[in-house]
Amino acid sequence: MKKATLALSLALAASSILGLASAQTPVSIDFWTFYLAPKFDGYINGVIADFQKANPGIKVNYIDKQGTLEQELITNISLGTSPDVVNLWVESTQKAADAGLLSDMGALVTNAKSLYYPNSLNNFTVGGKLYGLPWYASFDAGVMAYNNDLIKKAGVSSLPKTTAQMFAFAKAIKDKTGAYGWAPAIKDPQGGTFLGVFAGEGLPLLSGNTAAFNTPAHAALLQKYIDAYKADLIPQDLLRKEAFQLSQELYTQGKLATIIGGPQALNRVRDNNKAIYASSMIADAPVGAGRTQAGGGMDLVIPKAAKHPKEALMFAQFMTNKLNQVNFAKIVPIVPTAAGSNLDPAFTKLQSSKDPIEKATGLIAVNGPKLRSAIPPLKNATDLFKAFDDNIEAAFLGKKTAQAALNDAADAWNKLLK
């Protein structure tokens, strides 16, 4: 009897010691981000500290991978050292989901539709399944900053509210001031840029697995941009430089009347030409006939190979909740994707600011419900975009007609989409 009692006492003691060790050794999860360090270390570490305080049994290791993220994710998964939570974007989520690397977040977060904007959820839905929790987004257009001195000099009495009106606006600015009025995105490094133009005008891109962007309506729209390019109403460097970069350069030099994009586009202006920054005013960006704002987004995914999926899910939901998204948007001009974040009074206050960057930040932050992904997730996206862009460039350079260029691009797509 004494032996049995002693054995039980030893077992209970051992159990107590193991339990204490477990309590003192939190589960450690690895959190990878994309190009957020070191600028946003303060915010990220602050959210992590709040999470760890609320969940003392979990420790979060924050690692920013930058340009190597995608390749390192594949490598680490193959080596059995997968991170637990990873910050991806629309295209990379599509690729990782197609490769079978990601957990089905829709099955894990059954109330996702009440927590995030439906359109943002759609960005990370592949084959009917949700693979990422929306975190933050950005607009391709967002807002329009304009040089009020140039506008007055050109005698323009009303600002363009649609992309269709931008052509006449650009001509008026060029005729009266010699400056460009508009620098639309035509062929940027991300690929497939003009597909976004089509989508913004409400023109279809795909019909099932068949390219649908070579109709007469698509060709007529492309021709309008080509005519503007040939008439030097839009900058000639648009085929060689990203529109965002070129807009910053020309606007800062007083050679462009508008910048269409996010508030961050004005940082360079503020730092390098205080007079033009002081003359800058903010309005909603002109929209196409589709009446939507195109843009992209970032999410948080959980690899199937994550060692601690339960804790990873807790952290991913915490990082992407409304409070933390709104707080992020207050320090950097992003678009929160958590449902209801557009109603935060801080954004209304920013909209009344006289500072251009602050006002622009407030305007884009409330437009999350309007954000749409212009281009749906695509397999073989790199090859598809190259085939499309090469033909668009040929049309602008006069090597092909608009219709022939779109036909050739569609033929290439249909072969790749089979």
## Note on the structure
Residue hits (the stretch 211-248; in contact with a strand residue (DSSP E or B) (Cβ under 9 Å, 6 or more places away or on another chain) and surrounded by 17 or more Cβ atoms within 10 Å (Cβ to Cβ)) are F213, L233, I234, P235, A243, F244, L246, S247, Q248
### Query
Here are some conditions: (1) open to solvent by less than 20 Å² (accessible area, probe 1.4 Å); (2) free of Cβ contacts under 8 Å to residues at least 40 places away in the same chain; (3) not polar (S, T, N, Q). G208 meets all but one. Which one does it not meet?
(1)
## Note on the structure
Residue set T25, T68; condition closer than 23 Å to G297 by Cβ, surrounded by fewer than 19 Cβ atoms within 10 Å (Cβ to Cβ) and either of a type outside the set (D, E) or at pLDDT 85 or above (or both); output residue T68
### Query
Across the stretch 364-397, what is the total count of residues that are open to solvent by 10 Å² or more (accessible area, probe 1.4 Å), modelled with pLDDT under 85 and not in a helix (DSSP H, G or I)?
10
### Query
Looking at the stretch 37-74, which of the residues that are of a type outside the set (S, T, N, Q) and part of a loop (DSSP other than H, G, I, E, B) is nearest to L101 (Cα to Cα)?
K65
### Query
Of the residues A112, A141, A96, which is under 16 Å from the mean Cα position of the chain (by Cα), of a type in the set (A, V, I, L, M) and open to solvent by less than 70 Å² (accessible area, probe 1.4 Å)?
A141
#### Entry: Complete set of residues in the stretch 259-278 that are open to solvent by less than 10 Å² (accessible area, probe 1.4 Å) and either out of contact with any strand residue (DSSP E or B) (no Cβ under 6 Å at 6 or more places or on another chain) or outside any strand (DSSP E or B) (or both)
G261, P263, A265, L266, V269
### Query
So which helices (runs of 4 or more DSSP H) are wholly in the stretch 141-225 and hold at least 2 residues that are at pLDDT 95 or above?
148-154, 163-177
### Query
of a type in the set (A, V, I, L, M), in contact (Cβ under 8 Å) with a residue 12 or more places away in the chain and open to solvent by 30 Å² or more (accessible area, probe 1.4 Å), is that true of M314?
yes
### Query
Does any residue of the stretch 122-137 turn out to be part of a helix (DSSP H, G or I), touching a helix residue (DSSP H, G or I) at 6+ places or on another chain (Cβ under 8 Å) and either within 27 Å of E201 (Cβ to Cβ) or open to solvent by 10 Å² or more (accessible area, probe 1.4 Å) (or both)?
yes
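The values are calculated or read from the model by the stated rules, or taken from the named source; none is laboratory data. These numbers come from a predicted model, not from an experiment. Virtual Cβ from ideal backbone geometry, glycine too; neighbours counted across all protein chains shown. Accessible surface areas use protein heavy atoms only, side chains included; no ligands, DNA or RNA. Shrake-Rupley method; radii C 1.70, N 1.55, O 1.52, S 1.80 Å.
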